[in-house]
Amino acid sequence: MFVDRFNQLAFDLLGNYKHSRKPNTVLVYGPEGVGKTTLIKHFFFQERTLEGFIYIDALAFSKQYIYSLQNNSLNLFRKKYRNADTLIIDHIENLTGKEKTLEELLNTVKDVLQKDGQIIVVLKGDLAKLEFLGTKFSSLLLSGLVLPVKALNQAETLRFIEIYLIEKHIIMEREAQIALAGYAPNLRAVVRLISHFLAFAEDSGNALTLECFKHFWDKENLRNSLTPTSENILSAVTSLTGVSAEYIKGNKRTKKILEARQLAVYALRTLSLLTYSEIGRYINREHGSIIQAFKQGERNVIDCKEFREQYQIIKERFVK
């Protein structure tokens, strides 16, 4: 458990709460990869052997709920979660757009709290992201203990790297550590980059020096640019169509912008395998309009030569 200014407040407040005087609700929020789940596990997973302690990812909760509906086992599902003494819901932002699941979860939360249980929720993003929960649910969470975990600055990232390397018995040149800290946006990225850097150095027979890191980073940048992330796909669309990402995500509806938006939606859905809801959040569109744009893209691939050729160029960039 790494503690610095970015998570000091959350760490101190959680550490001061005893089980006998626990807050009814705890909301931990912050950007991706800064250790929110690790923080929760540090304080609460020692209780996982206790009866009534449940930790579950929000998507897993949704899948189990749907399964229980399909198999007439809703009573068993509700008995399990509504009788929990401590219920931890991780990655709650993944329930955006899942209205039925959110309604079920809200009722579950109310039942747990009514029986003097505890609800702990982990959210990726800032508090504005809670809007998808609706007024009742978000107000309920905000009425309890609300703990921010902030993004790390470069000095904090560097301290984490130093500790991580010591624990893993890895020797890395100081200048290479500083360079790595400048490129890693969060703790998760640090661990991933160190792992990739180690593999690169071993393959090339080099020590973990700054010079080796520079060569590694050039290769990493090339690899990342060929990965079908939402950012890379949208960048490819803007290059081909001449329509900026701002316009694709905006509200203008000229013929050229609509065609570029349809190409973006179709490429995002087929190449990145994002859900319709995830694509909608990324380009600021409702779920229904994303489905409509995707279906139009399917028709364009068959009927429109220019659309088909543009999509093929994008596909060939990311699919080898």
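Where a number appears in this text, it was derived from the coordinates with a stated rule and is not lab data. Being a predicted model, the structure only gives us computed values, none of them experimental. So basically every Cβ, Gly included, is an ideal-geometry build from the backbone, and we count neighbours across all protein chains shown.
Values as computed for the structure displayed
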| item | result |
| --- | --- |
| Separation between Cα centres of segment 228-281 and segment 171-186, rounded to whole Å | 33 |
| 19 Å cut-off, amide nitrogen to a point 7 angstrom out along residue 106 Cα→Cβ, residues in segment 139-173 | 139-144 |
| Added length on full extension, which subtracts the Cα-Cα distance from 0.36 nm per residue, residue 135 to residue 287 | 52.7 nm |
| Of the GluC sites (Glu not before Pro) in segment 41-130, those whose Cβ has at most 11 other Cβ within 10 Å and which sit in DSSP loop | 51 |
| Sites residue 256 and residue 188, calculated FRET efficiency, Cβ-Cβ separation with R0 35 Å, nearest 0.05 | 0.35 |
| Amide H contacts under 5 Å for residue 86, placed H, 5+ residues apart | 53, 54, 118 |
| Other-chain or far-sequence residues with amide H under 5 Å of residue 27's (modelled H) | 121, 145, 146, 147 |
| Inter-label distance, nm, simple model (7 Å from Cα along the C-beta direction), residue 41/residue 13 | 2.3 |
| Filter on 63/315; 255/295; 249/305; 63/100 - keep pairs with C-alpha separation over 22 Å | 63/315; 249/305 |
| Label of the coordinate-derived value, Cα extents along the principal axes in Å, listed as (i) 76, 51, 37; (ii) 64, 45, 28; (iii) 64, 53, 34 | (iii) |
